[in-house]
Ligand SMILES: Cc1cc2nc3c(=O)[nH]c(=O)nc-3n(C[C@H](O)[C@H](O)[C@H](O)COP(=O)(O)O)c2cc1C
C-alpha cells in the first residue's frame, strides 16, 4: 500500500498493533526517511515548540537497540519469567527498524519562561506533542506497508542508547515504535476495534438531523 494512493480514513482503519514482523521492508530506506521527514515537518506541536526528536534505527542498529534492552532486562527479570520476556524482545528484534520518540526539554523550558501563565501545562502538552508524532508515524508506516507496534521500555535503555547513538542525555525517551515486514497471517485474530459501543464514547451536539 503506497502512502500516495490511500485515504486518511483507509490508513486509520489499516493501522493496528502487529507483533509478527520480519526484516523484509516493503519500501526502501530513502522512502522510510521521507516518511520521517514528513512527520518532523508537518506534525504539530504545542505552541509550535517543535520539541519532538526522533531517532530511527534500521537493521543492525535496530538489532543493537533490542540487544541493549534484552541485556538490561535480563538483569532485572527473575529467571523463571525470563522465557516469556526474552521471546517478546526477540520478536521485536526480528523487525526491520525502531523509531525512538524523544522530547527535548529545552524548548519546553523556554516556553515556560516566556509564558508563565501556562508553565504547569507545558510538560503535559509535550507528552501530547510526542503522541501526535507517534500516531502519525504509526499510521504512515502502516500505509507504506509496514506492520508496527508501540513499546515503552524507557527508561531502561536510555543511557546506553544515548551513548551508542550520540543522543543528548537530557532528551526524554517516551516510546519506541517497532516496524517491519508483516509475517503471513500476522493480522489473523486481531480483535474487533470497537468493543465498547461508540455511542458510549462519542457525543455530537448540534449536527444537522
Ligand atoms: C498510548 C499507547 C500506549 C501503548 N503501549 C503499548 C505497549 O507498551 N506495548 C504494547 O505491546 N502495545 C502498546 N500499545 C498498543 C495498544 O495495546 C493497542 O493500540 C490497542 O490495544 C488497540 O489495538 P490496535 O493497535 O490493534 O488498534 C499502546 C497504545 C497506545 C495508544
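The values are calculated or read from the model by the stated rules, or taken from the named source; none is laboratory data. The shown structure was predicted, so the numbers you read here are calculated from the model rather than taken from an experiment. Don't worry about glycine lacking a Cβ; one is built from the backbone with ideal geometry, like all the others, and counts go over all protein chains shown.
Observations on the model:
- Checking residue 169 against (1) assigned to a loop (DSSP other than H, G, I, E, B); (2) within 17 Å of residue 104 (Cα to Cα); (3) in contact with a strand residue (DSSP E or B) (Cβ under 8 Å, 6 or more places away or on another chain), the condition it does not meet: (3)
- In the range 77-85, the count of residues that are part of a helix (DSSP H, G or I) and buried (at least 19 other Cβ atoms within 10 Å of the Cβ) is zero.
- Matching residues in the range 194-209 - criterion: being in a helix (DSSP H, G or I) and within 19 Å of residue 12 (Cβ to Cβ): 198
- Every condition in (1) under 18 Å from the mean Cα position of the chain (by Cα); (2) outside any strand (DSSP E or B); (3) crowded, with 18+ Cβ neighbours inside 10 Å holds for residue 108 except the one numbered (1).
- The residue that is modelled with the lowest pLDDT, counting only those in the range 2-16 that are surrounded by 12 or more Cβ atoms within 10 Å (Cβ to Cβ) and touching a helix residue (DSSP H, G or I) at 6+ places or on another chain (Cβ under 9 Å), is 3.
- Annotation: of all residues in the range 172-193 being surrounded by 10 or more Cβ atoms within 10 Å (Cβ to Cβ) and not in a strand (DSSP E or B), the one that is farthest from the ligand (Cβ to nearest atom) is 183.
- Selection of first residues in the range 10-24 that are at negative phi and outside any loop (DSSP other than H, G, I, E, B) and of second residues that are more than 13 Å from the ligand (Cβ to nearest atom) and modelled with pLDDT under 95, restricted to Cβ pairs under 9 Å at least 6 apart or on distinct chains, gives the following pairs, ordered by first then second residue: 10/1; 11/1; 11/3; 14/1; 14/6.
- Restricting attention to the range 137-151 and to residues that are touching a helix residue (DSSP H, G or I) at 6+ places or on another chain (Cβ under 9 Å) and part of a loop (DSSP other than H, G, I, E, B), the residue that is surrounded by the most Cβ atoms within 10 Å (Cβ to Cβ) turns out to be 146.
- The condition of being touching a helix residue (DSSP H, G or I) at 6+ places or on another chain (Cβ under 7 Å), assigned to a loop (DSSP other than H, G, I, E, B) and either under 25 Å from residue 126 (Cα atoms) or more than 16 Å from the ligand (Cβ to nearest atom) (or both) does not hold for residue 54.
- Against the list (1) in contact with a helix residue (DSSP H, G or I) (Cβ under 8 Å, 6 or more places away or on another chain); (2) within 21 Å of residue 61 (Cα to Cα), the condition residue 154 fails is (1).
- Answer from 30, 23 - the residue that is more than 18 Å from residue 103 (Cα to Cα), at pLDDT 95 or above, away from the ligand (no atom under 16 Å from the Cβ) and exposed (fewer than 13 other Cβ atoms within 10 Å of the Cβ): 30
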